[in-house]
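Here's the structure we're looking at; comments come further down.
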Amino acid sequence: MDGPPILVDHLLKKYGRLIAVKHLSFKAGEGEILGILGPNGAGKTTTLRAIAGALKPTMGRVLVYGMNSYKESSRVKRIIGVMPEVPSLFPELTVRENLEFLGKVYGLSRLEARKAAEQTIDLMGLTDYVEVRYGHLSKGLKRRADMSGALVHDPRIIVLDEPTAGLDVFSASRLRSIIRELMKTGKTIIISSHYIDEIMELSKRVVILYKGTKVYEGEPRRLRDILDLGKRVKVVFDRELDESFWSALKDKISSYIDDTLLFTGDYLEVYTKDPLHLLDVLKESLEGNGYSIVDIDILPPSWEDVFKRYMIEARDPTGFTFKSEGKPCSCGAG
Amino acid sequence: MIPQDLHSNLRGNLAPAGLVRLSRSITIFVKDLKQYYLKAPVLSWGFLFPIAIIVLLTMTVKSFGESVMVPAMYSVSLLFASTSMAQVSVSFEKMNGSIHRLVYAPLTGFDLVTSKTLGGVFYGLIGVFVATVSVFLFTGHLIVLHIIYFTVSIILASLLYSLLSVLIALTMDPLKTVAILNIARFSMIFFGGMVIPQVLLPHWMQELTLAFASLYITDSIRYGMYNTWETVDPYTSLIVTLIVTVTLYFVAYRTALKALTP
Ligand SMILES: Nc1ncnc2c1ncn2[C@@H]1O[C@H](COP(=O)(O)OP(=O)(O)OP(=O)(O)O)[C@@H](O)[C@H]1O
Ligand SMILES: [Mg+2]
């Protein structure tokens, strides 16, 4: 078992004529939490399946501790735990029966499987639901049970495919805090999501996929720097601005504004690289016309905006160059 | 989660590989029984339908004779019972996504096929039990002249039918599985001499029946019970059944994981 936990090496997967993943390469180190981010259909699940040995690459390969994940799949599968993107335990079995069953399928004895199931149930906070049939659980609890199914055989690598998709904020945050607990155990975790905030919160390194191609790899924080979206400024006025005044004001401040996100008469939200000057000009014009500012907020750009902007740039080949591994470049950005 | 010392203690490192493989297949088989033994397709195809056919067949016992119709009852019960399980244990799991759990687990195609086939064999044996009870109720006696031959052919037949259904269910989508299994069942009944004795079919059709495993199975059951056969001699029947079973096993385990791994 030589080599890093995960090495994806020029992976290419075709489904008929559709290329789901194109020459994808990246790696995950021991104990690392790697995020895979991308919109629907980007190739996240395809990549994760290839890592887990449940997909035959058209070209390229995935090595797990040096073992070919497809050709040596029964060895690789033993040390990987997968939480598939859809609820997938056996609906007629209780949570306990499901976990004990999976433990045994992964090679534990009956006694070991029982012990492992109990420990996993404790860890996942499912104690109250052990005797409930999986099919009767709420969606949030189902996902927690799904995650338990990935952990029961104590794998060295954990693969989580959109663990929080479709959950309410409370269930999602509960699941994320469990993932944070898992991070402390030193396991290698690979987690896919289309929520950038989630990836930001959980992982130190992210691979962004778009239409099967890697468009970014590196620290998520660097994305914000590359794009240099500036600051998000929110201003609340004391009352609705007069229409003619607003069009004059708009002209005056336009040189400071990169992007107007929202204007509702008494509320303005924009992106700017020069918030102080913008606010100066705003204040001066407003006060000269009998208006006043009642609230101001200056925020970093939202991750959703960073992500959206990045995707737009990735789509535009003239303004954007695909990055190679490691350092992100600012080619064409901004 | 289990502690690290347990991890190194995985049974795979202690017990002989073959036993571990078999124990995994049995684990899955036991889980399937727990989950599916009362599911509608199993109940209707595995019990109710064979019982209905048995009732129909018993009405014709008088005209065709016991050695024609009783083996047919066994054959029908076996066929329906053995092929009913994969329709749920594979197709349901494909539909609700739980088959992924088996795909991600360290199972070989052989483990998977063995586990899913065991369910059909188990139901096939229950089908034989139902047939035995029915025969006894309707005729008042039970004749099995070659008990070992009879047992071997029953087990082989349930393996063959079960493998056939597992192969279909693994490689086809669930809706197609239902359709193809039904076509397979009814042509096996018709051409296997179960409802209409093979000798009564038109001449050209009689030759066609030789392509259906059910013909050999029915004849071997007939020999096991009554020391007589209609079309194929008992040793040819058994050998053909064996060859078809082994071939199906081979094809099924070679294609199983490929079918589930895009
Ligand atoms: N078994 C399959 N057969 C044919 N096409 C497939 C198959 N699986 C995935 N695809 C296609 O491959 C592309 C990548 O799919 P994939 O499921 O990997 O995306 P994803 O990033 O996981 O998307 P999502 O966020 O919707 O889960 C999609 O266009 C999808 O339609
Ligand atoms: Mg996906």
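Determine whether segment A:94-111 contains at least one residue that is in the same structural domain as A:Lys187 (by TED's automatic domain parsing), without any contact (Cβ under 8 Å) to a residue 60 or more places away in the chain and within 16 Å of ligand 1 (Cβ to nearest atom). Taking every residue of segment A:94-111 in turn, none turns out to be in the same structural domain as A:Lys187 (by TED's automatic domain parsing), without any contact (Cβ under 8 Å) to a residue 60 or more places away in the chain and within 16 Å of ligand 1 (Cβ to nearest atom).
Name the helices (runs of 4 or more DSSP H) wholly inside segment B:1-104 in which the number of residues that are modelled with pLDDT of 85 or more is 2 or more.
Counting at least 2 such residues, we get B:17-36, B:66-89, B:91-95, B:99-104.
Note on segment A:180-195: residues that are within 16 Å of ligand 1 (Cβ to nearest atom) and within 9 Å of A:Leu160 (Cβ to Cβ) amount to 4.
Against the conditions (1) farther than 14 Å from B:Ser67 by Cα; (2) without any contact (Cβ under 8 Å) to a residue 12 or more places away in the chain; (3) surrounded by fewer than 17 Cβ atoms within 10 Å (Cβ to Cβ), B:Met172 satisfies every one except (3).
One residue alone among B:Thr236, B:Thr241, B:Thr245, B:Thr228 is in contact (Cβ under 8 Å) with a residue 24 or more places away in the chain, surrounded by fewer than 16 Cβ atoms within 10 Å (Cβ to Cβ) and either in contact with a Ser or Thr (Cβ under 8 Å, 6 or more places away or on another chain) or not aliphatic (A, V, I, L, M) (or both), and that residue is B:Thr228. Applying the set (1) within 16 Å of ligand 2 (Cβ to nearest atom); (2) modelled with pLDDT of 95 or more to A:Phe90 leaves exactly one unmet item: (1).
Looking at A:Ile158, A:Ile196, A:Ile189 in this structure, which one is touching a residue at least 24 places away in the same chain (Cβ under 8 Å), farther than 28 Å from A:Gln119 by Cβ and in the same structural domain as A:Lys13 (by TED's automatic domain parsing)?
A:Ile196 is the lone residue from the list that is touching a residue at least 24 places away in the same chain (Cβ under 8 Å), farther than 28 Å from A:Gln119 by Cβ and in the same structural domain as A:Lys13 (by TED's automatic domain parsing).
Inspect segment A:163-173 for any residue being in contact (Cβ under 8 Å) with a residue 24 or more places away in the chain, assigned to a helix (DSSP H, G or I), more than 19 Å from A:Asp197 (Cβ to Cβ) and not small (Gly, Ala, Ser) and give the result as yes or no. No, that holds for no residue. Within segment A:1-22, being surrounded by fewer than 15 Cβ atoms within 10 Å (Cβ to Cβ) and within 16 Å of ligand 1 (Cβ to nearest atom) holds for A:Lys14, A:Tyr15, A:Gly16, A:Arg17, A:Leu18. Would you point out the residue of segment A:138-171, among those that are within 16 Å of ligand 1 (Cβ to nearest atom) and over 19 Å from A:Gly103 (Cα atoms), that is nearest to the other protein chains (Cβ to nearest Cβ)? For segment A:138-171, the residue satisfying everything is A:Asp161.
Out of curiosity, is A:Gly135 in contact (Cβ under 8 Å) with a residue 40 or more places away in the chain, within 13 Å of chain B (Cβ to nearest Cβ) and within 24 Å of B:Pro106 (Cα to Cα)?
When the stated conditions are applied, A:Gly135 does not pass them.
When segment B:106-155 is filtered for residues that are closer than 30 Å to B:Lys258 by Cβ and of a type in the set (Ser, Thr, Tyr), the ones remaining, listed by number, are B:Thr108, B:Thr114, B:Ser115, B:Thr117, B:Tyr123. All conditions but one from (1) at pLDDT below 95; (2) over 24 Å from B:Leu102 (Cα atoms); (3) more than 16 Å from ligand 2 (Cβ to nearest atom) apply to A:Leu37; the one that does not is (3). If you go through segment A:11-44 and keep only what is of a type in the set (Val, Ile, Thr) and within 13 Å of another protein chain (Cβ to nearest Cβ), you end up with just A:Val21.
Here are some conditions: (1) over 24 Å from A:His10 (Cβ atoms); (2) out of contact with any Ser or Thr (no Cβ under 7 Å at 6 or more places or on another chain). A:Val215 meets all but one. Which one does it not meet? All conditions are met except number (1). Listed here are the helices (runs of 4 or more DSSP H) enclosed by segment A:196-312 that have at least 3 residues being over 30 Å from A:Lys184 (Cα atoms): A:243-253, A:275-288. List every residue pair whose Cβ atoms sit under 8 Å apart, with the two residues 6 or more apart in sequence or on different chains, where the first one lies in segment B:81-106 and is under 17 Å from A:Asn98 (Cβ atoms) and the second, anywhere, is charged (D, E, K, R). Hits for this filter: B:Ser89/B:Asp32; B:Ser89/B:Lys116; B:Phe92/B:Lys39; B:Ile99/B:Glu93; B:Leu102/B:Glu93; B:Tyr104/A:Lys77; B:Ala105/A:Lys77. Residues that are among the small types (Gly, Ala, Ser) and more than 9 Å from chain B (Cβ to nearest Cβ) were ranked within segment A:45-85; the one that is farthest from ligand 1 (Cβ to nearest atom) is A:Gly66.
The values are calculated or read from the model by the stated rules, or taken from the named source; none is laboratory data. Note that the structure is a prediction, hence the values are computed from the model and not measured. Please note: Cβ atoms are built from the backbone with ideal geometry, for glycine as well, and neighbour counts cover all protein chains shown.
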